[in-house]
Structure formats: C-alpha cells, structure tokens
1. Could you check the stretch 78-90 and list, in sequence order, the residues that are more than 16 Å from ligand 2 (Cβ to nearest atom) and touching a residue at least 40 places away in the same chain (Cβ under 8 Å)?
2. If only one of D42, D25 is modelled with pLDDT of 95 or more, open to solvent by 70 Å² or more (accessible area, probe 1.4 Å) and either in the same structural domain as P211 (by TED's automatic domain parsing) or away from ligand 2 (no atom under 16 Å from the Cβ) (or both), which one is it?
3. Would you confirm, using the coordinates I've provided, whether R199 is outside any helix (DSSP H, G or I), farther than 24 Å from E100 by Cβ and not hydrophobic (A, V, I, L, M, F, W, C)?
4. Within the stretch 125-137, can you find the residues that are surrounded by 14 or more Cβ atoms within 10 Å (Cβ to Cβ) and within 16 Å of ligand 2 (Cβ to nearest atom)?
5. Looking for something over 30 Å from I130 (Cα atoms) and open to solvent by 60 Å² or more (accessible area, probe 1.4 Å) - is there at least one such residue anywhere in the stretch 281-294?
6. Which one is least open to solvent (accessible area, probe 1.4 Å), of the residues in the stretch 231-246 that are within 19 Å of T286 (Cα to Cα) and touching a residue at least 40 places away in the same chain (Cβ under 8 Å)?
7. Would you mind telling me which numbered condition in (1) within 16 Å of ligand 2 (Cβ to nearest atom); (2) within 24 Å of V119 (Cα to Cα) R199 fails?
8. Take the conditions touching a Phe, Trp or Tyr at 6+ places or on another chain (Cβ under 9 Å) and either touching a residue at least 24 places away in the same chain (Cβ under 8 Å) or not in a loop (DSSP other than H, G, I, E, B) (or both) and apply them to D55. Does it pass?
Amino acid sequence: MPSPVRLSVVLPTYNERDNIQPLLDKLLPLREQYDLEILVVDDDSADGTAELVRDLAHHERCLRLIRRVGRAGLASAIKEGLLDATGDLAVVMDSDGQHEPASVRRALESLQSGSFDLVIGSRFHPEASILGLSGRRETGSTWANRVARFSLPRIYAPLTDLMSGFLAVRLDAVLPLVRRVDVNGFKFLYELLAVSRGRLRVREIPLTFQPRTRGTSKLDVAIFWDFLISILHSLTLRVLPRRAISFGLVGMLGVLVQLIACQLLMAVAGLAFEQALPFAVVAAATSNYLINNALTFRFQRLHGLALLVGLLKFLLVASLPVLANVGLASAFYSFVARDTLWAQLAGILVVFIWNYAASSRLVWNSP
Ligand code: GDD
Ligand code: MN
C-alpha cells in the first residue's frame with residue numbers, strides 16, 4: 001500500500017473556544033484517509049481557545065497549537081500556519097463552523113484529481129449555499145469581488161470568490177508564493193492570487209456557508225480600508241509600500257478636512273481666511289493622526305496618554321511642512337489670487353513636495 005498523502009489543516013482562531021472542539025471532532029476522521037496534521041493558529045484569544053487546544057493536543061498527537069502574542073490578524077495567521085505546515089497538501093478554513101468539513105474532502109478530491117495548485121471554496125459559485133451570509137455582507141462581497149477582479153491577473157477573471165477564507169493548496173507549488181504574501185493585505189487569498197502573477201492553476205468548488213452558531217465575526221471597518229489599499233496596491237503594480245498608500249489616502253482625507261474646517265470657521269465663526277487657516281490646518285493634521293492611528297497603524301495603535309503624547313509628537317514632526325503650508329497658502333492668497341481653494345491646495349502641494357524631498361534625502365543618505 002502506498003503511504004497516505006500528508007495533509008495539513010490550518011485553523012486560524014480568535015476567540016473560538018466554543019466552536020473549535022466541534023470542528024475538530026468533524027475533522028479528525030480525515031485521519032482514516034490522510035496522514036493528518038491540524039495546526040491551530042491562535043492570536044492569544046481572551047476566551048481560552050489556546051488553553052483548550054493545548055489540553056486537546058495532549059490526547060491528539062496530530063493537533064498542534066501555534067500561539068502568537070499581539071494580535072497580528074487573519075492573513076498573517078494563515079501565512080504562519082501554511083509556512084509551518086509539513087503536509088503535501090494543506091487546507092485553510094474558518095474555525096467558527098461556517099465552513100463545512102464536508103467541503104474539505106471535496107476540495108482535496110478536486111485538488112488531487114486534476115493538476116491544480118489551488119482549490120477555492122466559493123460562496124458565489126452557482127451551486128453554493130450561503131445561508132450564513134447576511135444580505136448586506138452578500139452585497140458587499142459581490143461588489144468587492146467585482147472591483148478586485150480588475151486588479152488581479154486576467155486569467156483569474158472567471159473566479160467568483162476572491163475573498164474566500166476556504167482554500168486547499170498543493171504546498172510545493174504555493175509555498176514560494178506564500179512567503180511573499182503581504183499579511184497587512186486585505187484577504188490572504190486575494191494577496192496570494194495577486195503575488196502569483198497568474199501562474200497558479202486554480203479551480204473553484206461550491207461552498208456551503210453556514211450561519212455562525214456562537215461568537216461574533218471579527219470583520220470591521222478597517223477591513224474596508226484594507227480592501228481599498230489592496231486594490232490600489234495591485235493597480236500600482238505593488239511598487240509603492242502599502243503603508244505609503246494608506247498614508248496618502250489619509251492625507252487626502254486631511255485635505256477635505258482642512259477645506260471643510262476652513263469654510264466652516266469662516267462661514268459660521270466669522271473668522272477671516274488668515275485667522276481660520278491655522279486652525280483648519282491643525283484640525284486636518286490631528287484628524288490625519290487619529291485616522292492613521294486607527295487604520296494605518298492599528299496593530300500598534302496608541303491608547304490613552306500615549307495617544308495624546310503621540311499627537312504632540314506628530315504635530316511637532318508635521319509642524320515644519322505645516323508652517324510652509326500656512327505660509328504658502330497665505331502668501332498665495334495675499335499675492336497671487338484671493339481664492340481660498342487654490343491658496344490651500346498650493347499650501348498642501350508644498351507639504352507633499354517637502355515630504356517627498358525629506359524622505360528621499362533620508363533614503364539616499366542612509367548608509
Ligand atoms: N488567528 C487569528 N487572528 N484568527 C482570526 C483573526 C485574527 O486576527 N480574525 C479572525 N480570525 C479567525 C476567526 O476565529 C475565524 O475562525 C476565521 O478567522 C474567520 O473569521 P470571522 O470573523 O468569522 O470572519 P467572517 O465569517 O466575518 O468572514 C468570512 O468571510 C470573509 C470574506 O468576506 C470568513 O470566511 C473569512 O475567512 C472571509 O475572508
Ligand atoms: Mn465567520
């Protein structure tokens with residue numbers, strides 16, 4: 001008898017104590033067919049998920065716990081699990097019971113039957129059933145899929161679920177790409193497809209997406225932001241760092257904040273343009289700081305006193321271009337045109353150029 005295929009199942013968990021055991025009970029029978037290993041990648045859940053898995057691992061030799069401190073997110077958990085996997089094949093699925101263990105067999109069969117590197121469990125396959133997806137999430141995902149499709153290699157255009165959390169892979173083919181997946185990206189699968197440059201042989205199978213029985217979804221507004229960044233990152237050929245894109249977008253929001261704040265201070269508070277401008281600029285810098293703290297640096301987010309100290313530092317660091325911004329906008333207003341919109345845009349332009357010049361100096365002068 002040939003030795004059985006080695007299979008690694010990667011289960012990311014964040015507060016899934018009530019869900020993990022029933023799932024493991026359903027996955028363990030895979031041992032009859034495969035040389036099975038189950039990797040639970042937990043981000044230091046507060047509900048005791050890791051402790052439970054640790055206890056269970058005492059009895060199940062095939063169960064391994066990877067416990068990380070400092071929540072690093074779903075995509076990074078999947079990446080870590082796949083890099084640590086020892087199987088020939090690997091399956092990644094949600095641990096909250098929304099993905100059906102029956103789909104695992106189906107995915108593995110289709111992975112082994114054809115010459116595929118990646119099998120995606122799709123919630124939007126014509127034969128899929130998505131009882132577990134709210135109408136709002138369904139609409140959101142449908143739109144996200146449409147937009148995402150444009151930013152991925154053409155060959156993946158027929159795929160229907162680019163954000164799925166269910167995938168089966170041939171590890172030898174996929175590992176070199178896994179290394180390159182940007183874990184700050186939107187979704188692991190999307191990033192994997194993006195870095196693969198169309199070289200993966202992909203197939204989709206329909207998924208049954210069950211309602212969550214216990215606990216809550218961990219998706220939040222930051223996910224929408226990550227999506228936007230990922231699309232822009234792909235569209236700019238992945239040359240610009242994601243963080244720089246995020247910074248740039250926040251900066252653009254800051255432009256709006258400044259323009260609106262200035263208008264309000266003039267119209268409502270009755271200030272003259274030169275009086276309103278400094279307040280508007282500081283308001284924009286503060287909002288940039290807070291939004292960057294909540295989105296761009298959310299895994300290193302500052303709280304409480306540190307948030308306040310951070311704001312002061314940020315304002316200090318930004319004050320050089322801020323002075324230039326106010327100076328130029330005022331000068332433009334006084335000497336070039338008494339046009340508040342163009343005056344402010346001119347000031348903002350100077351900040352951009354200053355930042356660009358400062359960073360390139362730093363880059364070129366660095367040893
Ligand atoms: N280790 C770790 N770290 N696991 C996490 C984290 C994290 O920061 N965040 C979420 N998870 C785990 C959850 O415990 C769960 O097992 C799985 O990842 C999916 O998380 P959910 O919070 O249940 O996601 P969802 O059901 O709202 O989202 C579904 O649709 C997304 C696409 O729209 C899932 O199928 C996602 O995988 C999918 O990307
Ligand atoms: Mn879920």
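The values are calculated or read from the model by the stated rules, or taken from the named source; none is laboratory data. All values reported here derive from a predicted model rather than from experimental measurement. Quick reminder, even Gly has a Cβ in these numbers, built from the backbone with ideal geometry, and neighbours come from all protein chains shown. Protein only, heavy atoms only, side chains kept; ligands, DNA and RNA dropped before computing areas. Shrake-Rupley method; radii C 1.70, N 1.55, O 1.52, S 1.80 Å.
1. K79, G81, L82, L83, D84, A85, T86, G87, D88, L89, A90
2. On the way: D42 fails: open to solvent by 70 Å² or more (accessible area, probe 1.4 Å).
Being modelled with pLDDT of 95 or more, open to solvent by 70 Å² or more (accessible area, probe 1.4 Å) and either in the same structural domain as P211 (by TED's automatic domain parsing) or away from ligand 2 (no atom under 16 Å from the Cβ) (or both) holds for just one of D42, D25, which is D25.
3. Working: outside any helix (DSSP H, G or I): yes; farther than 24 Å from E100 by Cβ: yes; not hydrophobic (A, V, I, L, M, F, W, C): yes.
For R199, the condition - outside any helix (DSSP H, G or I), farther than 24 Å from E100 by Cβ and not hydrophobic (A, V, I, L, M, F, W, C) - is met.
4. If we filter the stretch 125-137 for residues that are surrounded by 14 or more Cβ atoms within 10 Å (Cβ to Cβ), which is where we start, we get 125, 128-130, 132-133, 137.
Passing the criteria: A128, S129, I130, G132, L133, R137.
5. Taking every residue of the stretch 281-294 in turn, at least one turns out to be over 30 Å from I130 (Cα atoms) and open to solvent by 60 Å² or more (accessible area, probe 1.4 Å).
6. S246
7. All conditions pass for R199, except number (1).
8. Numbers: touching a Phe, Trp or Tyr at 6+ places or on another chain (Cβ under 9 Å): no; either touching a residue at least 24 places away in the same chain (Cβ under 8 Å) or not in a loop (DSSP other than H, G, I, E, B) (or both): yes.
So D55 does not fit the description; no.
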